[in-house]
Every structure is written in C-alpha cells, then in structure tokens.
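Worksheet: the structure to be examined is printed underneath.
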Amino acid sequence: MPIQVLPSQLINQIAAGEVIERPASVVKELLENSLDSGASDIEVDIEAGGSRRIRVRDNGTGIQQQDIPLALSRHATSKIASLEDLERISSLGFRGEALPSIASVSRLKLSSRRPEAASGWALQSDGPEPSTTTPVAHPVGTTVDVRDLFYNIPARRKFMRTETTEFRHIEQVVRRIALSRFPVGVKLLHNRRQVLQLPPADTRAAQERRLARVCGDAFMEQAVYVEHAAAGLKLGGWVAAPTFSRSQPDLQYFYVNGRMVRDKLVTHAVRQAYADVLYHGRHPAYVLFLEMDPVTIDVNAHPTKHEVRFRDSRLVHDFLFRTLHDALAQLPAENLPPPRPNRPLQALDIRTGQGSGVPQSRFTLDIREQLAGYAALHPAPATDATTNTPAQHPHEDCPLGHALAQLHGIYVLAQNDKGLVLVDMHAAHERITYEGLKAAHAGDGVRAQPLLVPLSIAVSEREAELCEHRQDWFNVLGLEIDRTGPEQLTVRQVPVLLYGTDIESLVRDVLSDLLEQGDSRRVETSVNEVLSTMACHGSVRANRRLTIDEMNALLREMEITERSGQCNHGRPTWVQISVDELDKLFLRGR
C-alpha cells in the first residue's frame, strides 16, 4: 500500500486502543478532567458495568460554548501551551486525547455551563464528525455521558469481562482517585443503586473516616500517620503496622503530586523499609502522598500515565526508604513481631523425651492426633544407659532418621544413616498441612467444626459483599461466614485442621486473595493458592516446644508427604549434613 494520511476517526480509535482498555479507563480519564476543572463534587453513574452507560457529572468551572467542539478534537487542551508547560505539568491530563479517543469508540454527549453563562451547551458525537452545539439546561459544571462503549469495535467489546468484574475495576479507580483529593466529594452509582458516597474531608479526622470507608476500619486501627520533608521532597500519609501485612498488594496506594502511580522504584523502596519487620511473602499496606517539584518528574512516560520517571531516582528511593524505615522503628512494641528469644539449647533426656527446663506444650491442632499415630508406629530409638546416647538403630525405613532434640524452638535435629538432619518445623508442617487440605478438598471436602463463640470481624464494604456472594464457595472450604452488617462478618465454622488458629487473619487473607483473583470462574484455578494461605496459618510456629514423639511424628509425616522438601513458598524444609562433612568441620582424620 502507498503511504497515506489516516482518517481522523481511525487515528482516534488507534489512540483509544492505547488509552481506553476497559470502562474503568474511561472513568479514570473523565474523573481526572473533572478534578483539573476544580470540581468539589463529582457524581459517577454507571450502568451494566460501564458497557451501556458511563456518566460523570461535576461542578467545576465548565467549558465555554466555542471551546466545546475543540474539547472533542485531538491534541486540543487548555492545560499546556509550550515545552516549558510540559516540563512543569501540575494537572492530571495534558495530552488532549482522552475525550476524542472516548468519542471515537462510543456515543458521547458533552454538556457544560460556565458560571457567567445564562445556559449550558451540549454537543453530541455519534460518528466521524460531531454535531453542532445546542443550548441545554445545565447547572454550572460539566457532564460527559458515554453510551455503548466499543459499539463500533466488536472485537474490543468481546474482550470485556462480566458486568460485575468491569464494575469492580471501576469502583477501584473511583476509590483510588477519591483518596487523591480529600476535599472533593465523590458519589458512585451502579444501575441506579448508590454504591459509594464520600463527603468532602477537610480535617484529619474526616480524612481518616474516608480512609476507613475505602480501606476498612481494620487498616485505620493499625495505621500510623507519617509526615516528613527533606531535600525538596515531602512525604505524608498512612502506613500500616507489619502485623497488618497482606497476602496480596491490594492495599497499596501511592500518589505523586496528586497523581496515582504504580512505580517499581517506589514499591522497592517501601518493601526495603519493611524488610526487617515483614514476614517473607507478605505485602505491606499504605496510603502515601509524595510531593515534589514538577520539574524533577516526567509524567509523560506512558499513555495511561500510570508510570512516571524521576530525574533523581536514587534520591527519591533513599528518601522514601529512610522516612518509612524510621517511622516503622518508632512504632509501639506491641505492633512489631516478637523478637526471637536468646535461649540455650534445651537439654533433653532421650529416654523420656522430657526437657530439663522449660515445660513442653503439645500441638493445639487436631493434626496432633494424626502425628501421634505415626509416633506409635515409629517410636524414638532406645538409648544406651551407660553413655546416654542413642543406641544403634536401623534407619532404612526412616530416611529422615529419628529426632534427637529441638534447637531454639525452631529446628528439629535428627539422626539418620547419613549423618545429621536439620528440619525447619514450621516450613515442614506448613507443607504437610497444605497437602492435607488439598487432599481433603479434592476428596470428600474439608471437615468443619463450629466455633463455640462466633467471631466478629470488621471488614470493608466491598469485602463484606464479596463474602456474602461467595458463601457457597466458603462452605466448600469449611468456612461458614455470615454478613451481619454493612462492614461486619461473623465466622461460625472453620476447618477442623485450623481450629484454634488465628481465624481473623485467615479470613482477611482469603478475602484479599479472592479480590485479587477476580470473578468466581477464576476462583477454581486459585483454590490451591488459598489453601496455601490457610496452611500457613495452620502450621506449628517457631518457639513451640515439641516432645520427642511429636518431632518423630513430624518426620514420619514428611516422609510420606509429596513435595515435602520445600514449603509452600519455596523455602527448603530440611537439609542433610553428612558425617563426612561434620568430620571436615572438626578436621577429623587429618
């Protein structure tokens, strides 16, 4: 084909392919325009998950009559006029592509009125060329009404998900933008039903109420306010204590000059700040706002404007890390994980399995009975009365050998034919519990046991709705959870294997996993991931004193459990140190 100039409609549709990924992308662009117009009140009205209708109304400054046609023209904007303006962008939008791109893939109507105008003006766009402006009754501000998204691009429409899934993405966008502008009131409706209403928040108390509404009361109970300025940078916001860590990065909100961003540098700095206090595989929760000179940041790095580039990335990284590291260091002691006790190795009498000092407690899980059965079949080896050492005992049937002692309440020391075996008891028990849950789920289902006292849990409204809609799915996992309020759940039944564990943290993590995975058709493929989270909570923890019989039972269970060499997170559960390696350590035979 010869080189030719593309039609304007096709150009806009190509641009829409970069910017308009789904209905949530339309909502994001329209909300940013409303905020740039100085609106203090925004209403978002959604029908059929955004596929049928998206209407965003604000009370901003409005658009003059002669500028309304230009608003639907590509590369037409009131936010920048020169290269200097581009280098100091303080507005959320600046390319002038959002409205024409949206209009090219939908039926769009733009209505607006300036404060000094006697009436509003409207413009309908339903084809290659928009119609002429017509007078319309309209309050001060702007309304953008988008109908039949992707009606003229059937292939794009087929890629849209279910109504529930698309609206969930829209709701997340609205919540994120609502956190970026506390003084702006936001209202969200879906199919004429009010889903979210956030009044303006001008005080710290009002801001924290909005945070609790968006992130949940539990987040605010565990969050501390952070504020620090240095080197031309200012960081403020809320960070949750390490005890409120999440299984998914679903409560991480970061804003640069009021713009929500997802940046690898920021994520790495925050994770490093939490490194000394956050368990492996967990994700911190935070809502943070970074303010800096617009000249030192490039927001024109990605079509969707989710990514930014920092001129001095190292300065930004170090500032974020140091500020958050110091803030976490000043948290009250009860919010930090308990320190590992500095105790000497407990002396054990192999003949009786009793400790010489600290009394030993047994498993509180029902799996203890199962381990006891294996302990009866494989008792601890007898000892020689004269030397008080284990007598010779064949280990052919026991690859992991027999237990000798427990080190610092964390590791099990065992002897086999090859030498010494070191077992991380939590990692090993986690794999055993996980495989047991998988087998039970694939077989007759998880055995459940009612709680003597039902447990009430405060969650966000979105999590409560999800739990209410997924009750049958939770029942399959052995969890009976009822919604007893707009933001309240009551746990009445739990799996037998997990009775007596931290059920509240378990429920929060399961909800987080489900929200991250998507609709119910995807839940079946992620059941193993949820079971892995459940197994982590149901496994024996460090500093739990075990008897010799319990340690041997754990070794026997490991020997018959698939993939017992690694825990659910990929860490090794045991290591073998041969007699030859031990001889080399002590220079024996030289």
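The values are calculated or read from the model by the stated rules, or taken from the named source; none is laboratory data. Bear in mind the structure is a predicted one, so any value in this text is a computation, not a measurement. A quick note on method: Cβ atoms are made from the backbone with ideal geometry, for glycine too, and the neighbour counts reach across all protein chains shown.
So Arg157 passes all but one of these: (1) surrounded by fewer than 18 Cβ atoms within 10 Å (Cβ to Cβ); (2) closer than 23 Å to Glu465 by Cβ; (3) touching a Phe, Trp or Tyr at 6+ places or on another chain (Cβ under 6 Å). Which condition number does it fail? Among (1) surrounded by fewer than 18 Cβ atoms within 10 Å (Cβ to Cβ); (2) closer than 23 Å to Glu465 by Cβ; (3) touching a Phe, Trp or Tyr at 6+ places or on another chain (Cβ under 6 Å), Arg157 violates only (2).
Do you know which residues across the range 56-68 are acidic (Asp, Glu) and under 18 Å from Pro183 (Cα atoms)? Hit for the range 56-68 is Asp58, nothing else.
Any chance the range 69-77 includes a residue that's of a type outside the set (A, V, I, L, M), closer than 22 Å to Arg176 by Cβ, in contact (Cβ under 8 Å) with a residue 60 or more places away in the chain and surrounded by fewer than 19 Cβ atoms within 10 Å (Cβ to Cβ)? Write out each step before concluding.
Filtering the range 69-77 down to residues of a type outside the set (A, V, I, L, M) leaves 69, 73-75, 77.
With the extra rule that they be closer than 22 Å to Arg176 by Cβ, the set shrinks to none.
Within the range 69-77, not a single residue is of a type outside the set (A, V, I, L, M), closer than 22 Å to Arg176 by Cβ, in contact (Cβ under 8 Å) with a residue 60 or more places away in the chain and surrounded by fewer than 19 Cβ atoms within 10 Å (Cβ to Cβ).
If the condition is being farther than 22 Å from Asp298 by Cα and of a type in the set (Phe, Trp, Tyr), then the range 69-102 contributes no residue at all.
Scanning the range 80-104 for residues that are free of Cβ contacts under 8 Å to residues at least 60 places away in the same chain, crowded, with 16+ Cβ neighbours inside 10 Å and farther than 30 Å from Ile153 by Cα, we see that the one that is farthest from the chain's Cα centre (by Cα) is Ile80.
How about the range 490-503: which of its residues are under 20 Å from the mean Cα position of the chain (by Cα) and surrounded by 15 or more Cβ atoms within 10 Å (Cβ to Cβ)? So that I can check it myself, show each step before the final result.
Start the filter on the range 490-503 by keeping residues that are under 20 Å from the mean Cα position of the chain (by Cα), which leaves 502-503.
Residue satisfying the conditions is Ile503 alone.
For (1) basic (Lys, Arg); (2) in contact with a Ser or Thr (Cβ under 8 Å, 6 or more places away or on another chain); (3) modelled with pLDDT of 80 or more, each residue gets a yes or a no:
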site: Leu531; (1), (2), (3): no, no, no
site: Ala535; (1), (2), (3): no, yes, no
site: Leu546; (1), (2), (3): no, no, yes
site: Thr561; (1), (2), (3): no, no, no
site: Arg590; (1), (2), (3): yes, no, no
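Taken over the range 74-104, the criterion of being more than 24 Å from Met260 (Cβ to Cβ), among the aliphatic types (A, V, I, L, M) and not in a helix (DSSP H, G or I) is satisfied by Ala76, Ala81. For Tyr151, the conditions (1) under 29 Å from Val287 (Cβ atoms); (2) modelled with pLDDT under 95 are fulfilled apart from (1). Note on the range 475-487: residues that are modelled with pLDDT of 90 or more and outside any strand (DSSP E or B) amount to 2.
Yes or no, residue by residue, for (1) outside any helix (DSSP H, G or I); (2) at pLDDT below 90:
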{"position": "Val423", "(1), (2)": "yes, no"}
{"position": "His429", "(1), (2)": "no, yes"}
{"position": "Ile432", "(1), (2)": "no, yes"}
{"position": "Gly445", "(1), (2)": "yes, yes"}
{"position": "Leu452", "(1), (2)": "yes, yes"}
{"position": "Ala464", "(1), (2)": "no, no"}
{"position": "Trp473", "(1), (2)": "no, yes"}
{"position": "Leu489", "(1), (2)": "yes, no"}
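Please tell me if Gly62 is among the small types (Gly, Ala, Ser), in a loop (DSSP other than H, G, I, E, B) and in contact (Cβ under 8 Å) with a residue 40 or more places away in the chain. Here the answer is yes, as Gly62 does meet what is asked. The set of residues from the range 105-126 being without any contact (Cβ under 8 Å) to a residue 40 or more places away in the chain and either exposed (fewer than 15 other Cβ atoms within 10 Å of the Cβ) or part of a loop (DSSP other than H, G, I, E, B) (or both) comprises Glu116, Ala118, Ser119, Asp126.
When the range 25-53 is filtered for residues that are of a type in the set (Gly, Ala, Ser) and in a helix (DSSP H, G or I), the ones remaining, listed by number, are Ser25, Ser34, Ala48, Gly49, Gly50. The criterion of at least 3 residues that are of a type in the set (Gly, Ala, Ser) and in contact (Cβ under 8 Å) with a residue 24 or more places away in the chain is met, among strands (runs of 3 or more DSSP E) falling completely within the range 161-261, by 233-240.
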